[in-house]
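The values are calculated or read from the model by the stated rules, or taken from the named source; none is laboratory data. Please read all numbers here as calculations on a predicted model, not as lab measurements. As a convention, Cβ positions derive from the backbone with ideal geometry for all residues, glycine included, and neighbour counts pool all protein chains shown. Ligands, DNA and RNA are stripped out before the accessible areas are found, and what is left, the full protein with its side chains, is counted by its heavy atoms. Shrake-Rupley method; radii C 1.70, N 1.55, O 1.52, S 1.80 Å.
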Amino acid sequence: MRKNAIRTNCFLAFSVLVFGALLSGCAGKEKAADDGKLNVMTSFYPVYDFTVKVGGDKVNVKDMVPAGTEPHDWEPGTRDIADLEEADVFVYSGAGMEHWTESVIHSLDNKDLLIVEASKGISLREGHGEEEEGEEEHDHGEFDPHVWLDPQNAKKEMENIKDALCKADPDHKDYYESNYKTYSEKLDRLDQSFKETLAAVPNKSIVVSHEAYGYLCAAYGLTQVGIEGLAPDSEPDPARMAEVIDFVRENKVKTIFFEELASPKVAEAIAKETGAKTEVLNPIEGLSDEELKAGEDYISVMEKNLAALKEALE
Ligand code: ZN
């Protein structure tokens, strides 16, 4: 009786497996044939936007991190892994931003997936912000991952994405090249307006909630003082707060920048203490639903950032 029960169970399990395999086989085929477009998964907003711009209507792009979510602590769930198994291309920024990529990529069965580390070829800044060892959950490894905030780096990421799309879908190579050309020229113009505007401002120090602007500052001769380290929401200690307050007073900093996806509490406390005001500077780690609905993208938000910097540093 027992033996029989086990046998029956084994048979059932086997049938379920075979049936499941048949089903997923069919689903896979249907999916591949659906609209003839490349299915691209991206790890968070900036590389999503760059992929949409280059891929246009020849690709389906799905961003893994939901709108309005801060990506530093985010990790993919089972739905995301299932999507990656079905995808043709996976784009991530790299340089340590997405700490989960290595283990997730190793775990995938999708051997045809073209994997693109968009920051490849960019010279990386050291991640000095996380020196204290101990309970550092937000350790990004050895590099500052916020490469995309320098428009020239954004251009390089877009180029790497363009190369990957051309490789995965050579029939539309000219289309991807032409989109890349259009947007790389826009990024050059953005870079030029950052150069001209920031060269003309008398003050060069910005106080920001987390140190996302290392590449931007290096490109345009600014210095950032971060209330927190390379990742937001790591509570600053009172000593750090006092240092920042001293810095604000000594350098007559008029504006304390905060960002929409993290709490403005600490920036507000420092502003109150020093008489400075608070203003948004967006590290473009993710856009809110409202921003996306309003048609904002990397370039439009960077233009707002530039206006905010100009006002704060004049
Ligand atoms: Zn960050």
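Taking the accessible area of the stretch 200-313, probe 1.4 Å, and keeping the other protein chains in place, the carbon and sulfur fraction comes to 52%.
With a cut-off of 13 Å on the backbone N, the residues of the stretch 73-89 near the modelled label site 7 Å out from K167 along Cα-Cβ are 89.
Computed from backbone phi with θ = phi - 60° and the Karplus coefficients 6.51, -1.76 and 1.60, the 3J(HN,Hα) list for the stretch 193-198 is 6, 4, 4, 5, 5, 7 Hz; x is used for glycine and proline.
Taking the three principal axes of the alpha carbon atoms in the stretch 171-230, the coordinate ranges are 48, 28, 13 Å, sorted in descending order.
Solvent-accessible area per residue in the stretch 38-192 equals 47 Å², computed with a 1.4 angstrom probe and all protein chains kept.
Could you provide, to the nearest whole Å², the per residue accessible area of the stretch 200-313 with probe 1.4 Å? All intermediate terms of the calculation are to be shown ahead of the outcome.
Numbers: 5020 Å² over 114 residues.
Per residue, the stretch 200-313 has 44 Å² of solvent-accessible surface.
Summarising the strand pairing of the stretch 38-192, around 10 percent of its internal DSSP beta bridges are antiparallel. As a fraction of the 1.4 Å probe accessible area of the stretch 38-192, surface on carbon and sulfur atoms comes out at 44 percent. Note on the stretch 173-242 and the stretch 269-314: Cα centroid distance 11 Å, given to the nearest whole angstrom.
Proximity of backbone amide H atoms, modeled 1.01 Å from N, is registered between I115 and F90 at under 5 Å, excluding neighbours fewer than 5 places apart on the same chain. Near the amide H of S288, within less than 5 Å, lie the amide hydrogens of G68, all on another chain or at least 5 residues away, with H placed in the peptide plane.
With the alpha-carbon atoms of the stretch 161-301 aligned to their principal axes, the span from lowest to highest coordinate is 59, 32, 26 Å, starting with the largest. Less than 5 angstrom separates the built amide H of V225 from those of I206, V207, V208, all sequence-distant by 5 or more or on a different chain. Taking 13 Å as the straight-line reach from the Cα of K120, the aspartates and glutamates in range (excluding those fewer than 8 positions away in the same chain) are E157, E159, D163. An ellipsoid equivalent to the stretch 38-192, defined through the eigenvalues of its Cα gyration tensor, has semi-axes of 25, 21, 12 Å when rounded to whole angstrom and sorted largest first.
Give me the net charge for the shell around D112: Cβ to Cβ below 11 angstrom, other residues only, Lys and Arg +1, Asp and Glu -1.
Working: positive: K111; negative: E85, E86, D88, D109.
Local charge sum for D112: -3.
Across the stretch 183-191, computed HN-Hα scalar couplings (Karplus, 6.51 cos²θ - 1.76 cosθ + 1.60, θ = phi - 60°) run 6, 5, 5, 4, 5, 4, 5, 4, 4 Hz from first to last residue, x flagging Gly and Pro.
Each residue of the stretch 245-254 is assigned a 3J(HN,Hα), and the resulting list reads 4, 4, 4, 4, 5, 5, 9, 6, 5, 8 Hz, derived from the Karplus form 6.51 cos²θ - 1.76 cosθ + 1.60 (θ = phi - 60°), x at Gly and Pro.
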